[in-house]
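Participant: Have a look at the structure that comes next, please.
The values are calculated or read from the model by the stated rules, or taken from the named source; none is laboratory data. Predicted model only: the values in this text are computed from it and were never measured. So basically every Cβ, Gly included, is an ideal-geometry build from the backbone, and we count neighbours across all protein chains shown. Protein only, heavy atoms only, side chains kept; ligands, DNA and RNA dropped before computing areas. Shrake-Rupley method; radii C 1.70, N 1.55, O 1.52, S 1.80 Å.
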Amino acid sequence: MKIKKAVIPAAGLGTRVLPASKSIPKEMLPIVDKPAIQYIVEEAVDSGIKEILIITNRGKEAIEDHFDYSPELEAALEKSEKTDLLESVRKCANLADIFFLRQREIKGLGHAIFTARPFVGNEPFAVLFGDDVIISKTPVTKQLIDVFLKKSLTTLGIKEVKESDISKFSSLSVKNLEDNIFFVDDMVEKPEIGKHLSLYSILGRCILTPEIFDLLEDLPPGVGGEIQLIDAIKIIANRDGCIGVDFEGTRYDLGNKFGMLKANIEVALNHPEISEEVREYLAGLKID
Ligand code: UTP
């Protein structure tokens with residue numbers, strides 16, 4: 001069995017990075033010279049995925065344009081023989097078969113995933129959150145797929161978060177199986193202070209099985225009045241268990257201002273064109 005499809009929910013309002021995300025989707029905000037969502041699409045492609053559904057919302061047409069041809073721009077770059085730039089622009093349109101669907105009402109991540117049912121059909125699929133960029137040696141989605149193919153259980157990308165932050169995330173009940181692999185039998189979304197199950201949280205990636213759609217269909221609204229994906233995953237965890245993979249990689253939450261800044265600094269430090277300048281600049285910064 002192969003995982004051939006990925007869903008990228010990117011319909012959220014991005015209120016934490018306003019006003020930057022007022023007319024530009026937060027997923028299109030750059031990390032140095034590429035929009036965040038391109039890193040995520042590339043991760044899916046590098047994990048062997050051929051078909052990708054991006055779930056958008058009104059006002060997010062820039063995402064579609066980014067993954068389309070741009071004939072006038074390409075003709076101008078061709079004429080001026082800017083071959084490298086031309087290639088980088090064409091690459092965006094040729095990465096994979098990318099489909100788009102609008103989540104007409106913003107009713108939560110679980111609702112967004114439910115709208116993907118006709119695209120996914122009856123096979124396991126990967127979910128990559130549209131505002132979580134993860135830089136790693138092996139693409140994180142591939143790390144999860146490799147484990148899913150061995151264990152055949154819903155597989156979650158997990159990491160420990162700071163105790164002071166756990167109330168902003170999910171909290172998982174975990175038992176270590178081997179190395180970075182955990183058995184997960186329960187979870188709670190945004191636990192009240194002191195009521196967390198562990199500091200492990202689901203962060204940005206998972207491999208789901210199609211039964212998630214039946215569960216989402218009947219789910220009442222959860223935390224924040226939204227249909228929460230985690231409420232459906234919890235039913236599976238309580239019944240069969242899930243697998244948590246403490247993945248290798250650094251995750252940047254592009255949905256918050258500090259996350260966006262960290263991603264830019266760290267990617268810039270290793271970017272072949274500007275790395276030296278950036279290092280010199282940062283070393284010379286005087287911070288009061
Ligand atoms: P977030 O809660 O992090 O994104 O959702 P948000 O709603 O844009 O954040 P705020 O407004 O700054 O708090 C996690 C992921 O789920 C998607 C988001 O786009 C993000 O990738 N999402 C969320 C949807 O696609 N639809 C929804 O109804 C809610």
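Participant: Scan region 149-225 for GluC sites (Glu not before Pro) in coil per DSSP, keeping those whose Cβ has at most 16 other Cβ atoms within 10 Å, and list them by number. Display every interim value, and only then the final one.
Facilitator: Details: sites: E160, E163, E178, E189, E192, E211, E217; in loops: E192.
Sites meeting the loop and neighbour criteria: E192.
Participant: Kindly sort K2, K195 by accessible area of their heavy atoms, largest first, with the probe set to 1.4 Å.
Facilitator: Numbers: K2 150, K195 130 Å².
Sorted by accessible area, descending: K2, K195.
Participant: With a ≥ b ≥ c taken as the square roots of the eigenvalues of the C-alpha gyration tensor of region 148-282, please select rounded if a/c is under 1.5 and otherwise prolate if a/b is larger than b/c or oblate if it is not? Write down the numbers at each step before the final one.
Facilitator: Values: a/c = 2.10, a/b = 1.79, b/c = 1.18.
Prolate.
Participant: Amide H to amide H under 5 Å from E51: which residues, 5+ apart in sequence or cross-chain, H placed 1.01 Å off N in plane?
Facilitator: A6
Participant: A further question follows. Search the structure for amide H atoms under 5 Å from the amide H of I202, placed 1.01 Å from N in the peptide plane, and list their residues when 5 or more places away or on another chain.
Facilitator: Those lying under 5 Å, H to H, from I202 are S170.
Participant: By what distance, in whole Å, do the Cα atoms of the chain stretch along each of the three principal axes, largest value first?
Facilitator: Cα spread of the chain along its principal axes, largest to smallest: 61, 51, 37 Å.
Participant: Enter the Cα centre distance for the pair region 231-288 and region 1-64, rounded to the nearest angstrom.
Facilitator: Cα centroid of region 231-288 versus Cα centroid of region 1-64: 16 Å apart.
Participant: Taking a virtual spin label 7 Å from the Cα of S136 along the C-beta vector, which residues in region 223-250 bring their backbone nitrogen under 17 Å of it?
Facilitator: From region 223-250, the list is 243-250.
Participant: Using Cα springs under 10 Å in a Gaussian network model of the chain, which residue among I55, I233, I265 shows the largest mean-square fluctuation?
Facilitator: For the chain, modelled as a Gaussian network with Cα springs under 10 Å, the answer is I265.
Participant: Looking at region 241-288, which GluC sites (Glu not before Pro) are DSSP coil and have at most 13 other C-beta atoms within 10 Å of their C-beta?
Facilitator: Working: sites: E248, E266, E273, E276, E277, E280; in loops: E248, E273.
Hits after loop and neighbour filter: E248, E273.
Participant: Output wanted: per-residue J couplings in Hz (rounded whole) for region 194-210, from phi through Karplus 6.51 cos²θ - 1.76 cosθ + 1.60, θ = phi - 60°, x for Gly and Pro.
Facilitator: Karplus values, whole Hz, x for Gly and Pro: x, 10, 7, 8, 6, 8, 6, 9, 7, 10, x, 9, 7, 10, 10, 9, x.
Participant: When the chain is treated as a GNM, springs tying every alpha-carbon pair under 10 Å, which of G224, G110, G259 comes out with the largest mean-square fluctuation?
Facilitator: Sorting by GNM fluctuation, first place goes to G224.
Participant: When the accessible area of the chain is split by element with a 1.4 Å probe, what percent falls to carbon and sulfur? Write out the running numbers ahead of the final one.
Facilitator: Working: 7890 of 15000 Å².
Carbon-and-sulfur percentage of accessible area, whole number: 53.
Participant: So, counting K/R as plus one and D/E as minus one, what does the shell of residues with Cβ under 13 Å around G222 add up to? Before the final figure, lay out each step's value.
Facilitator: Numbers: positive: K107, K190, K234; negative: E189, D218, E226, D231.
That sum, taken over residues with Cβ under 13 Å, equals -1.
Participant: Rounded to the nearest 0.05, what FRET efficiency is calculated for E51 and K175 with R0 set to 35 Å and r the Cβ-Cβ distance?
Facilitator: Working: r = 34 Å, r/R0 = 0.98.
My answer for the efficiency is 0.55.
Participant: Here's a follow-up. Tell me the per residue accessible area of the chain using a 1.4 Å probe; a whole number in Å² is fine. It would help to have the intermediate numbers written out before the result.
Facilitator: Working: 15000 Å² over 288 residues.
Dividing the accessible area of the chain by its residue count gives 52 Å².
Participant: Another question, then. Calculated from DSSP H runs of 4 or more alone, at -39500 (n - 2.57) each and per residue, what is the 222 nm mean residue ellipticity of the chain, nearest 500? Mind showing how you got there, number by number?
Facilitator: Values: 11 runs with 99 residues, N = 288.
Taken over the chain, the calculation gives -9500 deg cm²/dmol.
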